Amino acid sequence: MSSQSINAETAATELDNILEMENVSVAYAGNYAVKNVSFNVARNAITSIIGPSGCGKSTLLRCLNRMNDFILDASIEGNIRFEGQDIYAREVDAVEVRHHIGMVFQKPNPFPKSIFKNVAWGPTVNRYQGSITELVERSLKQASLWDEVKDRLNDSALGLSGGQQQRLCIARALAMEPNVLLMDEPCSALDPISTAHIEDLMFDLKSRYTIVIVTHNMQQASRVSDYTAFMEMGNLIEFDESERLFTRPSNQRTEDYVSGRFG
Amino acid sequence: MRRRHAKARVFAKFCGLVTWLGTALLLVLLWQIFSDGLRWLDIDFLRSFPSRFPERAGILSALAGTLWLISLVAIISIPVGVATAIYIEEFGGKGKLVKIIDINISNLAGVPSIVYGIIGLTLFVRGLQLERSLISGALTMSLLILPVIIIASREAIRTVPDSIRHAAIALGGTQWQTVWSHVLPASFPGILTGVILGLSRAIGETAPLIMIGALTYVAFVPEGPMDSFTALPIQIFNWVSRPQEEFHELAAAAIIVLLVVLLSMNSFAIFIRHKMEKKLQ
Ligand SMILES: Nc1ncnc2c1ncn2[C@@H]1O[C@H](COP(=O)(O)OP(=O)(O)OP(=O)(O)O)[C@@H](O)[C@H]1O
Ligand SMILES: [Mg+2]
């Protein structure tokens, strides 16, 4: 993606939706995992994607920053636009897309390097102009990890607890200063306290970032997100403001799923 | 149930016995070599050229040849081998070409070394007109050990979990940056093991060198890759094939030197690997 094709600053004032999905279908070796999904992601809001296991949530999320490029037999149809620009257009460089759209994975996956290097690597390879030390500190503070690690930045990241590792992965993604942060079940490996930590974190980040989160935890979705998409077997069943989707869903299937878990 | 336990115990005992037998045999062999060769081993032995008179004979040219050879082999085979492994594992996809290369590499690892000697003779000595030089020997040896290095490197690269690659890619790294800063460092210990295995084999091989015509009597130290040369295994081979007892003892002394070279190479590798692993934890 050249700098002209996506200009976050100028486009920001004109568009309310930072990401738009139009008839997105994804097939693995011909088997459709996501079928004709269309919805938009609002700027500076938290959008969650919920649905039963295997319904295609992760698949859809990976489309948004072109992580599916590495799955050899995956094919993607439809249109995904970031700031109005089709991210699958031929002239678009996937690496550049990922500068703008960061990702945090389900399982914490820190590099087997020091805490400092984990955060610094992304900005370094992308020739960050400012002070890397300051950026690392700022990112770790944003991920509310700074106080726990400030005295051992040169220790291996593998020595951190699972929750700390996941916050390190968030800090690492934030250090790239992305516009959108994709999170695929970021709390599934964490205890309730670490989960609460990360939920607080998402609230804090909302003013500066747009967050899309996949979660199995419906309380979490209703607690943290402004919008929710409910998927089933690759189809988008309902998309609405979270408050409405969880209290007065318009689709019977959504109601069954949502109340089944809540009841 | 009990019979199965009994069987397992017998099998464990058997394995233990075989292990000890192997070790004991090795120790006997080493003891014999040391008792034969140790008295010939002194500075003069390292500083002299071979000679018809055992008291004056030394291994200067052979040792220099071996050190030259192994350095050249390392310079050639490590980059080529590691690059090939990276290409196949990280960039090759699942194309037909990769599959063909894949099958061939596994087969090449089992080809007898004399065959590599013949290839070296036709390809490098005659084809490229490199003559019976160090570079011909080094190229031939590199061919010989490339499969070992490639297979070990691929194995090491494959043990790096995909989650690391995905993390780097999601951080806006290119595939090359991902390989360079994450995959290679993480697989370094395994790659090093393969390299050492390969180089150790290259140090000990004799047949291909005889095939490409390394000399058996050399009274000078090679000064460049185009010089002709001899190597320790050839010198040893030459000495043991003589009738006099003294030369057999000289051969034992040369074997000790060869072992020392081999062991220092291995220790160096273990040292580096240990340092790398400590850094990774
Ligand atoms: N790499 C792949 N190759 C082939 N099929 C895949 C691949 N990844 C996912 N699938 C299939 O696509 C479908 C959707 O998978 P996906 O991982 O997107 O589901 P999910 O909603 O994230 O499930 P979960 O909640 O369990 O994580 C599943 O049927 C899965 O088997
Ligand atoms: Mg998933």
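Rule-based calculations on the coordinates, nothing more; no lab input. Nothing here was measured: the structure is a model prediction, and the numbers come from that model. No Cβ is skipped: glycine too gets one built from the backbone with ideal geometry, and neighbour counts run over all protein chains shown.
What is the spin-label model distance, in nm, from A:Arg90 to B:Gln244 if the labels are put 7 Å beyond Cα along the C-beta direction?
7.9 nm
Gain in length, A:His216 to A:Leu72, computed as 0.36 nm per residue apart minus the alpha-carbon separation, to one decimal in nm?
Details: separation 144, 0.36 × 144 = 51.84 nm, distance 2.70 nm.
Working it through step by step, the gained length comes to 49.1 nm.
How big is the C-alpha Rg of the stretch B:11-155 next to the rule-of-thumb value 2.2 N^0.38 Å, as a ratio? Each step should come with its number before you reach the end.
On the way: Rg = 20.9 Å, N = 145, 2.2 N^0.38 = 14.6 Å.
Relative to the 2.2 N^0.38 Å estimate, the stretch B:11-155 comes out at 1.44.
Rounded to the nearest 20 debye, what is the charge dipole size of the protein assembly as shown about its Cα centre when +1 sits on each Lys and Arg Cβ and -1 on each Asp and Glu Cβ? Walk me through the intermediate numbers first.
Numbers: 49 positive and 51 negative charges, 405 e Å.
Magnitude of the dipole: close to 1940 debye.
Can you tell which of B:Ala251, B:Val240, B:Gly190 lies farthest toward the positive end of the dipole of the stretch B:180-279, using +1 and -1 charges on the Cβ of basic and acidic side chains (Lys, Arg; Asp, Glu)?
B:Gly190
About the Cα centre of the stretch B:44-280, how large is the charge dipole given +1 on each Lys and Arg Cβ and -1 on each Asp and Glu Cβ? Please answer in debye to the nearest 20.
Values: 17 positive and 15 negative charges, 121 e Å.
It works out to roughly 580 debye.
Give the separation of the Cα centroids, the stretch A:22-78 to the stretch B:55-114, in Å.
Using only Cα atoms to place each centre, the spacing works out to 44 Å.
Please name whichever of B:Leu63, B:Trp180, B:Ser142 sits farthest to the positive end of the charge dipole of the stretch B:44-280, dipole taken about the Cα centre and charges placed at Cβ: Lys and Arg +1, Asp and Glu -1.
After comparing all options, I get B:Trp180.
From the residues A:Gln142, B:Ala24, A:Pro192, which one has its Cα farthest along the dipole of the protein assembly as shown in the positive direction, the dipole being from +1 and -1 charges on Cβ of Lys/Arg and Asp/Glu about the Cα centre?
Going by the charge dipole, the pick is B:Ala24.
To the nearest 500 deg cm²/dmol, what mean residue ellipticity at 222 nm is calculated for chain B from DSSP H runs of n ≥ 4 alone, each contributing -39,500 (n - 2.57), summed and divided by the residues? Spell out each step's value before the answer.
On the way: 12 runs with 199 residues, N = 281.
Value at 222 nm, helices only, nearest 500: -23500 deg cm²/dmol.
Could you work out the per residue convex hull volume over the alpha carbons of the protein assembly as shown, in cubic angstrom? Walk me through the numbers on the way to the answer.
Values: hull volume 127.8 nm³, N = 544.
Enclosed volume per residue, from the Cα hull, is 235 Å³.
Assuming 0.36 nm per residue, please report the length gained on full extension of the stretch B:Ile103 to B:Tyr87 beyond their Cα-Cα distance. Before the final figure, lay out the partial values.
Details: separation 16, 0.36 × 16 = 5.76 nm, distance 1.51 nm.
Gain on extension, B:Ile103 to B:Tyr87, equals 4.2 nm.
Percent of Cα-Cα pairs per 10 Å bin, from 0 to the last occupied bin, for the stretch B:44-280, please list those.
8, 28, 30, 20, 10, 4, 1
At a threshold of 8 angstrom on Cα-Cα distance, excluding pairs fewer than six apart, so keeping six or more, what relative contact order does chain A reach in percent? Please list the in-between numbers first.
On the way: 486 pairs, mean separation 67.4, N = 263.
It rounds to 26 percent for chain A.
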